[in-house]
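I'd like to ask some things about the structure below.
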Amino acid sequence: KSNIGHTQAAAGVAGVMKVVLSLQHELLPKTLHAEEPSPHIAWEGSGLSLLHEARGWKRGARIRRVGVSSFGASGTNAHVVIEEAPAAASAAEANVAADVPFALPLLVSGRDEAALRGQAQRLRGWLREHADARWVDVVHTAALHRSHFDERAVIVAAEAASSVEALEALAQGQHDPRVARGRAMPRGKVVFVFPGQGSQWQGMGRALLAESAVFAESVRACDAALLPWTGWSVLSLLRGEESPELPPYERVDAVQTSLFAMGVGLSALWRSLGLEPAAVVGHSQGEVTAAVVSGALSLADGARVVAARSQAVRQRCGDGGMLLVERPVSEVAERLKRYGVALSVAAVNTSSSTVVSGETGALASLKSELESASVFCRLVNVDYASHSTQMDVLLPGLLAELSTLSPQAGQIPFYSTVESRRLGGEELDGSYWYRNL
């Protein structure tokens, strides 16, 4: 009150503001305009005194607390106790695991070309002056704590030093392979797409298991869910451990369970970074992963489907194969007529890419025929005829194995590559997964 006088309803708030500033600056300011203590207060023995001079109030072992009182003329009394906030961790004390060991995007924007270049120049100067700034913090701040205008650029770099060169090129209007340019477009939606067998490679996921806690935790959950059905650890397989209990990496059940764990783990990682899918879709066994991510299948049910599916396929290994043909499905189907039930269309990848599945001898004959006609084709790295009549014999066993699944409505739309439409989660029962095979 001696600072600013009567402020009516704002009096208490003014006191709180003064206290917070005192805590922040570690200083109790002099009480202004109060040289003569009021005679109406018994100062002696009260423990109270006016601050005739500013007094230091350093943070120490004891937590600093302040009481702020507000006494209204009408009889309204209020009192609040304010405590200092915990000390923020310094950059040196911060968790080093936050230093991401791969390239990250630095977002730069402006209202027009000139503003964009100017912003790039200022960022370049700031990074030169703050060489000790953590790259992950710079990227985080630029992405989440700055306004984003229509003229945009992205600098992809793993460290601040390399971004300085790229920012200089952007500021000068020069080309740099680390810089992507464009204008803002209406926000699109993200779809998570999960691949089938053939997208795997030995060593996949190993770096993420070591470097991403979110990914590793998710894969461990998959491992626990799969173990009762496989009898071996997919986590150990992905880590490249050597054990007589582990199957060869190229075996179909090893491949498919690994892809399942990878898909679930990567989804968890992307979502932890704020990337939420508007829909999910999968190809072949990738649909199982999509169903789990959508919420239509629990992780336990998804693990059971992928394990049962891959173990069933093992019964047909060595009996067939698959061939990728870079031609429209209508043209491929016409060529297949003379092969009868020996060959069939397994998948339509795109408007000009088709997969054929069936008997080994018939596939070899078709491959020779296509190559003679200068049509690109190649054998898929599998030794069974998935998505063909060869799978029919597996129907009774697979249906029995999956009869107790509990599919449910998912939280994320699931688009079926079996039915070519959006499906409700309740439809993803055992018969659906047989048709997926």
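For the structure I just gave you, tell me whether Arg152 is part of a helix (DSSP H, G or I) and either modelled with pLDDT of 95 or more or basic (Lys, Arg) (or both). Can you show your working first?
Numbers: part of a helix (DSSP H, G or I): no; either modelled with pLDDT of 95 or more or basic (Lys, Arg) (or both): yes.
Here the answer is no, as Arg152 does not meet what is asked.
I would also like to ask the following. Does Trp201 satisfy the criteria of being under 28 Å from Leu324 (Cα atoms) and without any contact (Cβ under 8 Å) to a residue 24 or more places away in the chain? Walk me through how you get there before you give the answer.
Details: under 28 Å from Leu324 (Cα atoms): yes; without any contact (Cβ under 8 Å) to a residue 24 or more places away in the chain: yes.
Against the criterion (under 28 Å from Leu324 (Cα atoms) and without any contact (Cβ under 8 Å) to a residue 24 or more places away in the chain), Trp201 qualifies.
Right, something else. Only one residue in Arg309, Arg271, Arg316 is in a helix (DSSP H, G or I) and within 30 Å of Cys377 (Cα to Cα), so which one is that? Reasoning before the result, please.
Values: Arg271 fails: within 30 Å of Cys377 (Cα to Cα); Arg316 fails: in a helix (DSSP H, G or I).
Of Arg309, Arg271, Arg316, the one residue that is in a helix (DSSP H, G or I) and within 30 Å of Cys377 (Cα to Cα) is Arg309.
Return a yes/no flag: does segment 377-388 have any residue that is farther than 24 Å from Tyr249 by Cα, exposed (fewer than 14 other Cβ atoms within 10 Å of the Cβ) and among the hydroxyl-bearing types (Ser, Thr, Tyr). Spell out the reasoning first.
Here is the first cut: in segment 377-388, the ones farther than 24 Å from Tyr249 by Cα are 377, 388.
Still in the running and exposed (fewer than 14 other Cβ atoms within 10 Å of the Cβ): none.
No, every residue in segment 377-388 fails to be farther than 24 Å from Tyr249 by Cα, exposed (fewer than 14 other Cβ atoms within 10 Å of the Cβ) and among the hydroxyl-bearing types (Ser, Thr, Tyr).
Hey, does segment 413-420 have a residue that's among the small types (Gly, Ala, Ser), farther than 17 Å from Leu299 by Cα, more than 29 Å from the chain's Cα centre (by Cα) and modelled with pLDDT under 95? It would help to see each step written out before you state the result.
From segment 413-420, those among the small types (Gly, Ala, Ser) are 416, 420; that's our starting set.
Pick out the ones that are also farther than 17 Å from Leu299 by Cα and you get 416, 420.
Filter once more, keeping what is more than 29 Å from the chain's Cα centre (by Cα): none.
So far as segment 413-420 goes, no, none of its residues is among the small types (Gly, Ala, Ser), farther than 17 Å from Leu299 by Cα, more than 29 Å from the chain's Cα centre (by Cα) and modelled with pLDDT under 95.
Separate question: Can you confirm whether segment 175-191 contains a residue that is in contact (Cβ under 8 Å) with a residue 60 or more places away in the chain and under 25 Å from Val313 (Cα atoms)?
no
Say we look at segment 373-413 and pick out the residues that are in a strand (DSSP E or B) and touching a helix residue (DSSP H, G or I) at 6+ places or on another chain (Cβ under 8 Å); which of these is nearest to Glu426 (Cα to Cα)? Talk me through it step by step, then tell me what you get.
Initial filter on segment 373-413 (in a strand (DSSP E or B)): 377-379.
In the following step, the residues that additionally are touching a helix residue (DSSP H, G or I) at 6+ places or on another chain (Cβ under 8 Å) were identified as 377, 379.
Details: Cys377: 38, Leu379: 36 Å.
Restricting to residues being in a strand (DSSP E or B) and touching a helix residue (DSSP H, G or I) at 6+ places or on another chain (Cβ under 8 Å), the top hit is Leu379.
Looking only at segment 71-127, count every residue that is at pLDDT below 80, among the acidic types (Asp, Glu) and closer than 30 Å to Val179 by Cβ and tell me the total.
Count: 1.
While we're looking at this one, here's another question. With the condition kept exactly as written, say whether any residue in segment 247-259 is assigned to a helix (DSSP H, G or I), at pLDDT 95 or above and more than 19 Å from Trp433 (Cα to Cα).
No: segment 247-259 contains no residue that is assigned to a helix (DSSP H, G or I), at pLDDT 95 or above and more than 19 Å from Trp433 (Cα to Cα).
Within segment 291-298, is there a residue that is under 20 Å from Leu226 (Cβ atoms), at pLDDT 95 or above and surrounded by fewer than 20 Cβ atoms within 10 Å (Cβ to Cβ)?
Yes, because at least one residue in segment 291-298 is under 20 Å from Leu226 (Cβ atoms), at pLDDT 95 or above and surrounded by fewer than 20 Cβ atoms within 10 Å (Cβ to Cβ).
For segment 255-278, indicate whether the set of residues that are farther than 23 Å from Ala103 by Cα and in contact with a Phe, Trp or Tyr (Cβ under 7 Å, 6 or more places away or on another chain) is non-empty.
If we filter segment 255-278 for residues that are farther than 23 Å from Ala103 by Cα, which is where we start, we get 255-261, 278.
Going one step further and asking which of them are in contact with a Phe, Trp or Tyr (Cβ under 7 Å, 6 or more places away or on another chain), we end up with none.
No, that holds for no residue.
The values are calculated or read from the model by the stated rules, or taken from the named source; none is laboratory data. If you're wondering where the values come from, they're calculated on a predicted model, not measured in any experiment. Positions of Cβ are generated from backbone atoms using ideal geometry, with glycine treated the same way; all protein chains shown enter the neighbour counts.
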